[in-house]
Amino acid sequence: MSVQEEIIQQTDKHSAHNYHPLPLVLSKGEGIWVWDADGNKYIDCLSAYSAVNQGHCHPKIIGALNEQANRMTLTSRAFHNDRMGAFLRKLCEVTQMEVALPMNTGAEAVETAIKAVRKWGYEVKGVPENQAEIIVFRDNFHGRTMSTVSMSSEAAYRKNFGPFLPGFVLIEYNDLEAVKNAINDNTVAVIMEPIQGEAGIITPDEGYLTAVKSLCKASNVLFVLDEIQTGLGRTGKMFTYEHEKDAKPDMLIVGKALSGGVYPVSAIVSSKEIMSVFTPGIHGSTYGGNPLGAAVGLAALEVIEDEKLVERSALLGDYFIKKLNAIKTNKIAEIRGKGLFIGIELHKSVGLARPYCEALMEKGMLCKETHDYVIRLAPPLTVEKENIDWMVEQIEEVLKD
Ligand SMILES: *Cc1c(COP(=O)(O)O)cnc(C)c1O
């Protein structure tokens, strides 16, 4: 038995089986590269669902982690700490927002956004108690907590987890008329992903985000974007809404790459006015805003700027998509995406994407299928042109007729 098979056997024995990982055990990462426990080397084309945009074990982020870990890790918010302010100042600068509220995981930040917009609805908009409605979209992904699965349309995420949190109105994505029809006096917010990642890199029509925002504005509804996966350079802009004119949200939800894959750090960012619904004692988290996470988060944001990862994502993403489009095969139904957030959708007649992901793994390239027929390509934004050339060759081999 290989080292990996032994580890998988041991893990399977003691772990809940809530995932179906590819059969390999990773033990080391550096930049775009990862190594398995038997010493084989791969390009990481998933980047931990875009948490590792800065590359694995980025020396500057790990340096900040180590330095801070030796000084102080956790104070709780019962006291100030000397790291959180600088981190949140940077986060507000990057997002062009006024105030941030730090949490840990993405789902917690979505929970925080739900609480914020409901409270705003009752206290500012004047919605009658317990009547607030939040508009959400079919095939969304916002996390795995009870509220976020209550927002979901995915049977597998919901089955036998009820009863669910009420107050969500589920409508079709990329359908303006549906938004118009769903808004009423009790609507407090629209919460959406600007590109639906888990649904299979579903990219709405150009102008859709701007139009949804303008509908929201006209009806005094908050426009909230979940950019946990699409933000921080992944799609070739710092945030995906910047691909459109006038689509800046009232509230932005960030996570994943906010820490470069080093430590769970998430946040909501918004205006002073909206965030003022939070007063002392109203909401919190023991670890949210802790000095270790703050030091890591600040370094992670600085790396995105210092290494021009946003510009790289835009240029290399265009290059990648162009090369993929040149592949001669009848297996591909569509190639879509923005920046280095790319989906290859296979024809249904070709079958599931998973065996192709397994074949790519054999060739030294780690991808994960999303929603059955889509191979998602999302390498760290530090990837080089020559790496892309190599990856396209592997994809061509695997998908050839
Ligand atoms: C990953 C993700 C989440 C949930 O983040 P966790 O850190 O896994 O809780 C929420 N929204 C989107 C769009 C995501 O991609």
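Given their separation in residues at 0.36 nm each and the Cα-Cα distance between them, LYS348 and ARG89 gain 88.5 nm when the chain is fully extended.
For the residue pairs LYS119/LYS180; LYS217/LYS245; LYS245/LYS338; LYS90/LYS245, the C-alpha atoms sit more than 20 angstrom apart in LYS119/LYS180; LYS90/LYS245.
For the range 59-306, the relative contact order comes to 32 percent (Cα pairs under 8 Å, sequence separation of at least 6). Sorting TYR287, TYR49, TYR208 by accessible area puts them as TYR287, TYR49, TYR208; the probe is 1.4 Å, largest comes first, and only protein heavy atoms count. So which of LYS213/LYS348; LYS368/LYS400; LYS41/LYS331 end up more than 31 Å apart, counting from Cα to Cα? Long pairs (Cα-Cα over 31 Å): LYS213/LYS348. Residue separation of PHE164 and ASP372 scaled by 0.36 nm, minus their Cα-Cα distance, works out to 72.3 nm of gained length. Between the amide H of SER266 and those of MET103, ASN104, distances stay under 5 Å, these residues lying 5 or more places away or on another chain, with hydrogens modeled in the peptide plane. Largest accessible area first, the residues GLU311, GLU273 order themselves as GLU273, GLU311 under a 1.4 Å probe with ligands, DNA and RNA left out. Here VAL265 sits with roughly 10 square angstrom of accessible surface, probe radius 1.4 Å. Compare the Cα positions of SER219, PRO280, PRO380 along the charge dipole of the chain (+1 at Cβ of Lys, Arg; -1 at Cβ of Asp, Glu; about the Cα centre) and return the one farthest towards the positive end. Farthest along the dipole direction, towards plus: PRO280. Of the beta bridges in the range 59-306, as assigned by DSSP with both residues counted there, near 40 percent are antiparallel. Rolling a 1.4 Å probe over the protein chains gives GLU242 an accessible area of about 70 Å². Whole percent per 10 Å bin, from 0 to the bin with the longest distance: what is P(r) over all C-alpha pairs of the chain? Over the chain, the share of Cα pairs per 10 Å bin runs 5, 22, 31, 27, 12, 2, 0 percent. Rounded to the nearest Hz, the phi-derived 3J(HN,Hα) couplings of the range 26-39 under the Karplus curve 6.51 cos²θ - 1.76 cosθ + 1.60 (θ = phi - 60°) are 8, 9, 7, x, 7, x, 7, 9, 9, 10, 8, 5, 9, x, where x marks glycine and proline.
Fully extending the segment from ALA69 to LYS322 would add 86.7 nm, taking 0.36 nm per residue of separation and subtracting the current Cα-Cα distance. Between ALA218 and GLU98, the modelled labels are 2.6 nm apart [label points 7 Å from Cα along Cα→Cβ]. Between ARG144 and ASP205, the distance separating the two model label sites (each 7 Å from Cα on the Cα→Cβ line) works out to 3.6 nm.
Based on C-alpha pairs under 8 angstrom that are at least 6 apart in sequence, the range 242-290 has a relative contact order of 28 percent. Dipole magnitude for the chain: computed about the Cα centre from +1 point charges on Lys and Arg Cβ and -1 point charges on Asp and Glu Cβ, it is near 560 debye. Within the range 56-78, whose backbone N sits under 19 Å from a point 7 Å along Cα→Cβ of LYS41? Counting only backbone N, you get 56-59. Taking PRO128, PRO163, PRO194 as the candidate residues, the one with maximal mean-square fluctuation in a Gaussian network model of the chain, Cα springs under 10 Å, is PRO163.
Close amide H partners of GLU334, meaning residues 5 or more places away or on another chain with modelled amide H under 5 Å apart, are GLU345.
The values are calculated or read from the model by the stated rules, or taken from the named source; none is laboratory data. Keep in mind it's a predicted model, so treat the numbers as computed, not measured. All Cβ positions, glycine included, derive from the backbone under ideal geometry; neighbour counts span all protein chains shown. The accessibility values were calculated without ligands, DNA or RNA, using every heavy atom of the protein model including side chains. Shrake-Rupley method; radii C 1.70, N 1.55, O 1.52, S 1.80 Å.
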